[in-house]
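Scroll down for the structure; my scribbles are underneath it.
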Amino acid sequence: ATLATYPLDVIRAKMAVTSKSATPTVVDTVRFLMREGNGGLRPLFQGLTPTLLGIVPYSGTTWLTYETLKDAAEYMPGGRETTTNKVLCGMVAGLVGQSVTYPLDVIRRRMQVKHEGAMWEVMKGSFQAGGTRALFKGLSLNWFKGPLATTVSLNTFEYIKAFVQKQQ
């Protein structure tokens, strides 16, 4: 799924940072990107490596945090299975998962927008220019969106799992 939709993410990122007169439509943006790649599709996949490298650590960290917090929630008022506790566990899991993998997201965006080179070159350049802070630039803004999306996903999974188990 990531491979199939990734060019759309690159197009969106490029359109977000380009003036309307330079690339007013999706088609114009694709043409512009393909010209950058000398007629190839490579620019449509800039930043794919950090995206793929971040999927497993993000998912693993998020699920580990979520399940660990749910176990600890047994000792909270209402216990492990209250909706409030599940939502709180999901939000914290989202915060942790995003925070751990956020540097890869920064590198991906820089590769998509600036076409600065290979992943390690971009990471090294970012670190040299701004230290560790450069790799976490904008993280606090993601803390608003990410935990909400994560808790919705995790709790939807929980409700569907419970529904399926009742049907069996």
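A few points about this structure:
- Every condition in (1) open to solvent by less than 30 Å² (accessible area, probe 1.4 Å); (2) without any contact (Cβ under 8 Å) to a residue 40 or more places away in the chain; (3) farther than 25 Å from PRO43 by Cα holds for PRO147 except the one numbered (2).
- Selection count where residues are within 27 Å of THR29 (Cβ to Cβ) and without any contact (Cβ under 8 Å) to a residue 40 or more places away in the chain, scope the range 83-109: 2
Yes/no per residue for (1) in a helix (DSSP H, G or I); (2) surrounded by fewer than 14 Cβ atoms within 10 Å (Cβ to Cβ); (3) within 21 Å of the chain's Cα centre (by Cα):
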position	(1), (2), (3)
LYS86	yes, no, no
LEU95	yes, no, yes
TYR102	yes, no, yes
MET111	yes, no, yes
PHE127	yes, no, yes
ARG133	yes, yes, yes
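- Scanning the range 44-60 for residues being open to solvent by less than 30 Å² (accessible area, probe 1.4 Å) and farther than 16 Å from GLN112 by Cα gives a total of 0.
- Every condition in (1) more than 18 Å from THR61 (Cβ to Cβ); (2) modelled with pLDDT of 90 or more is met by SER140 except one, and the failing one is (2).
- Residue that is nearest to THR61 (Cα to Cα), among those in the range 73-84 that are modelled with pLDDT under 80, open to solvent by 60 Å² or more (accessible area, probe 1.4 Å) and touching a helix residue (DSSP H, G or I) at 6+ places or on another chain (Cβ under 8 Å): MET76
- Scanning the range 135-168 for residues that are small (Gly, Ala, Ser) and in a helix (DSSP H, G or I) turns up SER140, GLY146, ALA149, SER153, ALA162.
- Residue match in the range 31-43 (condition: over 25 Å from PRO7 (Cβ atoms) and more than 20 Å from the chain's Cα centre (by Cα)): no
The values are calculated or read from the model by the stated rules, or taken from the named source; none is laboratory data. What you see is a predicted model, and the numbers here were worked out from it, not measured in a lab. In this analysis, Cβ positions are derived from the backbone assuming ideal geometry, glycine residues included, and neighbour counts consider all displayed protein chains. Quick note on the areas: whole protein, heavy atoms, side chains included, nothing else; ligands and nucleic acids left out. Shrake-Rupley method; radii C 1.70, N 1.55, O 1.52, S 1.80 Å.
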